[in-house]
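We did not get these values from a lab; they are worked out from the coordinates using the rules stated. Just so it is clear, the model here is predicted, and its values are computed rather than measured. Cβ sites come from the backbone with ideal geometry, for glycine too, and all protein chains shown count toward neighbours.
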Amino acid sequence: MKNHGPQTAPQTAPHSAARSAPEVGPESSPGKLNHTDHTSTLPAAPSGHTPEPLGLKRRHFMGTALALDAAALLAACGGGGGGGDSGSTNTSGSSSSSGSGSSSASSSASSSGSSSSSSSASSSSSGSGSAALPNPPWLVTTFAGTGSNLVLIDGTGGSATFSTPNGVCVDSNGNVYVTDGSFQRIRKITPAGVVSIIAGSGSGGFTNGTGWGASFDNPWGIAVDTSGHLFVSETINSDLRKITPAGVVSTLAGSRANGFLDGTGTGAQFNQPRGVAIDASGNLFVADTFNHRIRKVTPAGVVTTLAGTGTSGTANGIGSMASFSRPFGVAVDATGALYVADSNNHLIRKITPAGVVSTLSGAGTAGSANGTGTMASFNSPVDVAVDANGEVYVADYNNNLIRKITPEGLVTTLAGSGVAGSANGTGTNASFKSPFGINMDSSGNLFVADSGNNMIRKITPI
């Protein structure tokens with residue numbers, strides 16, 4: 001498992017941070033990597049353009065990890081809700097916890113590494129005794145990516161490459177968008193699996209422009225609205241960018257200086273923001289990770305603080321009375337409620353439309369136990385998605401698992417063995433390596449940025 005890096009935020013200027021700030025992701029060679037694009041269609045490369053060599057940065061976790069998504073029932077994706085007009089059709093239930101190798105009509109959900117079955121589905125780990133119905137099986141496949149990150153290649157499915165994909169979202173047409181962190185690009189994957197470049201020069205920097213004429217520095221969270229506009233957070237530039245359907249990139253909010261300031265457009269400040277989510281009215285919600293806050297950004301770029309004291313903590317309460325510790329992922333449901341992957345606290349939090357913060361699940365200590373509420377545990381959860389039924393899906397980064405939480409707070413393991421790997425298969429027969437972003441389409445399929453494997457995985461209910 002990766003070194004999680006320092007436990008205090010680096011005090012760096014916005015662009016000096018670009019080369020020194022620790023980042024999340026797989027351990028990668030610090031050497032220079034030549035990358036060349038093939039079959040890129042959105043948009044075409046400028047005449048005579050040759051992408052610059054990209055030295056993949058060693059990306060540490062900064063004490064936790066990522067996130068992103070959009071409201072269920074929206075024809076949009078940021079916030080982890082359904083990418084179209086409906087959310088997941090999956091029914092409630094539980095599965096065995098991380099590492100469980102058994103699959104039966106009713107299985108025991110115990111702590112990582114268990115492999116048992118019984119006539120009743122019990123969730124027992126770290127003292128949990130919550131009963132639950134078993135989850136129906138979910139099939140994990142590789143949607144796109146060869147697993148190699150040596151050169152950037154557009155193509156179809158397994159012929160394309162990614163390098164530390166951070167965030168994913170899905171639009172109402174089933175197109176998947178990816179923040180390809182180390183390749184410094186925004187990528188698009190059609191439902192048929194055709195991968196292309198939407199924007200980004202491939203070199204870390206800050207330039208507004210169209211398509212390849214724009215540049216990003218560690219793009220992270222991503223969301224899409226009903227009109228097809230993309231919204232991207234950048235950890236190094238500490239800002240939010242907007243991309244039109246024509247590929248025109250502009251700055252929505254953020255001064256590019258790490259700090260905390262409410263305001264409008266570039267008059268506001270963030271501190272290495274991660275996950276973004278969008279609601280039915282076009283408001284963005286941002287996990288302002290190193291400010292330990294959740295921010296709100298209107299379509300006009302007005303930035304306010306929704307919740308968080310600014311000091312690391314676990315307090316529940318209203319608005320600025322509540323506290324978080326490096327929140328990474330956010331999702332918004334059809335009622336306007338937010339869900340937060342509170343990564344350093346190993347918790348999943350909920351924020352009502354009135355700003356009341358509570359803990360949905362998690363013991364507050366690292367673990368992999370299934371169970372209800374505080375009887376369950378996570379290990380640096382980094383992103384969340386929510387379906388039309390209010391069920392929450394979690395990218396449990398350090399456990400290499402995808403978890404599910406019912407509206408009542410019952411946590412089960414949906415997919416993943418708990419051991420880092422890239423195996424496809426059903427439920428706990430599949431494996432992930434440092435999963436980051438997670439999002440759901442209108443048919444109830446989940447898409448995961450499997451960062452350590454440099455792949456985009458698809459999880460389908462069967």
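Ratio of Rg to Rh for segment 305-364, alpha carbon only, Kirkwood? Ratio of gyration radius to Kirkwood radius for segment 305-364: 0.92. Placing pseudo-labels 7 Å out from each Cα toward the beta carbon at residue 321 and residue 261 gives an inter-label distance of 3.0 nm.
Peptides 369-379, 391-401, ordered by how many other C-beta atoms sit within 10 Å of their residues on average, highest first, read 391-401, 369-379. Computed over all pairs of different Cα atoms, the Kirkwood value for the hydrodynamic radius of segment 198-237 is 10.5 Å. For the residue pairs 242/404; 188/350; 433/458; 242/433; 188/242, the alpha carbons lie more than 26 Å apart in 242/404; 188/350; 242/433. Taking every alpha-carbon pair within segment 219-361, the share separated by more than 20 Å comes to 38 percent.
Average 1/r across all pairs of distinct alpha carbons in segment 212-259, invert it, and you get the Kirkwood radius: 10.9 Å. The alpha carbons of segment 351-462 stretch over 40, 32, 22 Å along the principal axes, in descending order.
The mean sequence distance of close C-alpha pairs (under 8 Å, at least 6 residues apart), as a share of the length of segment 141-298, puts its relative contact order at 13 percent. Note on segment 162-224: Cα-only Rg and Dmax are 11.0, 32 Å.
Sorting 161-171, 217-227, 347-357 by their mean Cβ neighbour count within 10 Å, with the most densely packed peptide first, gives 161-171, 217-227, 347-357.
Hull volume per residue, based on the alpha-carbon atoms of segment 144-186 and their convex hull, is 64 Å³.
Relative to the present Cα-Cα distance, how much length would full extension add between residue 159 and residue 352 at 0.36 nm per residue of separation?
Values: separation 193, 0.36 × 193 = 69.48 nm, distance 4.27 nm.
That pair, residue 159 and residue 352, stretches by 65.2 nm at full extension.
The share of alpha-carbon pairs in segment 130-206 lying farther apart than 19 Å comes to 39%. Positive end of the dipole of segment 158-262 (Cβ unit charges, origin at the Cα centre): among 194, 259, 205, the Cα lying farthest that way belongs to 194. Rg over Rh for segment 375-432 works out to 0.97, both radii taken from alpha-carbon positions and Rh defined as the Kirkwood radius.
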